[in-house]
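Following: one structure in structure tokens, then a few remarks.
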């Protein structure tokens with residue numbers, strides 16, 4: 001855990017503007033200015049690949065996959081992010097156009113790349129994490145990406161392999177939408193652990209991802225009281241429309 005604490009220490013030496021993206025003071029300040037017209041569109045392309053689109057049309061592509069049996073985005077991207085260097089999460093060639101590529105790890109995968117930036121109207125920062133429960137000794141490091149889009153704070157956990165620590169939770173800030181992997185315990189946390197991580201973060205919406213078998217969602221949902229199933233890949237939500245307490249939103253991972 002010393003490596004994470006060191007990375008966090010480096011980050012907290014950065015300018016405060018980076019840390020304010022999704023932290024309480026900034027969130028409270030901005031929320032009054034958001035309306036239903038300032039909605040972010042979240043589209044899932046299967047695995048860990050999402051396209052986030054702001055009300056101004058800025059698009060972010062997360063962890064682009066390599067699978068031909070899953071849909072690919074057709075529009076050009078402005079930002080592409082990769083949580084780690086494993087091929088199903090780093091196919092940046094999927095993205096059309098000339099996007100800014102933000103890699104959470106160095107090309108070797110041995111170290112994190114601290115990211116605190118804004119591209120057009122979207123703010124982005126990373127939180128260092130691991131792909132396993134042994135501080136990366138089994139499957140290496142992982143970067144959590146946090147985006148602020150139209151005042152909505154969205155965290156993409158990548159291939160998170162462990163529960164979150166208090167320093168990581170502090171660095172995440174106040175998350176509205178959590179994109180949480182439930183891939184069975186080898187590639188990521190298990191569905192049960194994903195429920196526990198969801199409780200740790202306390203988002204307004206949690207969207208399960210990184211699964212490909214029937215029954216995975218039911219295992220993650222458990223007896224959660226608020227579950228919404230959408231017959232499609234797209235959720236459009238504004239800050240003013242966010243539910244409370246946490247609602248699990250299940251998107252379709254199948255080809256359409």
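Please report, largest first and rounded to whole Å, the three semi-axes of the ellipsoid equivalent to the range 56-109, where each semi-axis is the square root of five times an eigenvalue of the C-alpha gyration tensor. All intermediate terms of the calculation are to be shown ahead of the outcome.
Numbers: eigenvalues 65, 43, 11 Å².
Semi-axis lengths for the range 56-109 are 18, 15, 8 Å.
Sort the following peptides by mean Cβ neighbour count (other Cβ atoms within 10 Å, averaged over residues), highest first: 226-236, 159-169.
Values: 226-236: 13.6, 159-169: 19.0.
Order by mean packing, descending: 159-169, 226-236.
Pull out a ≥ b ≥ c, the square roots of the eigenvalues of the alpha-carbon gyration tensor of the range 103-256, then state rounded if a/c is under 1.5, prolate if not and a/b is larger than b/c, and oblate in the remaining case. Walk me through the intermediate numbers first.
Working: a/c = 1.62, a/b = 1.16, b/c = 1.39.
It comes out oblate by the Cα gyration axes.
Quick check on packing: order 101-108, 64-71 by the mean number of other C-beta atoms within 10 Å, highest mean leading.
Numbers: 101-108: 17.1, 64-71: 15.6.
In decreasing order of mean packing, 101-108, 64-71 become 101-108, 64-71.
Seen from all sides and averaged, what is the projected area of the convex hull of the Cα atoms in the range 170-256, in nm²? Could the numbers behind the result be given before it?
Values: hull surface 24.6 nm².
Average of the hull's projected areas for the range 170-256 equals 6.1 nm².
If the chain between residue 100 and residue 121 were fully stretched, how many nm would it gain, using 0.36 nm times the residue separation less the Cα-Cα distance?
Numbers: separation 21, 0.36 × 21 = 7.56 nm, distance 1.34 nm.
Residue separation times 0.36 nm, minus the Cα-Cα distance, leaves 6.2 nm.
By how many nm would the segment from residue 240 to residue 74 grow when fully extended, if each residue of separation counts as 0.36 nm and the alpha-carbon distance is taken off? Can you show the working numbers first?
Numbers: separation 166, 0.36 × 166 = 59.76 nm, distance 2.91 nm.
Going from the current span to full extension adds 56.8 nm.
Quick note: the coordinates plus some simple rules give every number you see, no bench work behind them. This one's a predicted model, so the numbers in the text were calculated from it and none came from an experiment. For neighbour counting, all protein chains shown are included, and Cβ atoms are generated from backbone atoms with ideal geometry for every residue, glycine included.
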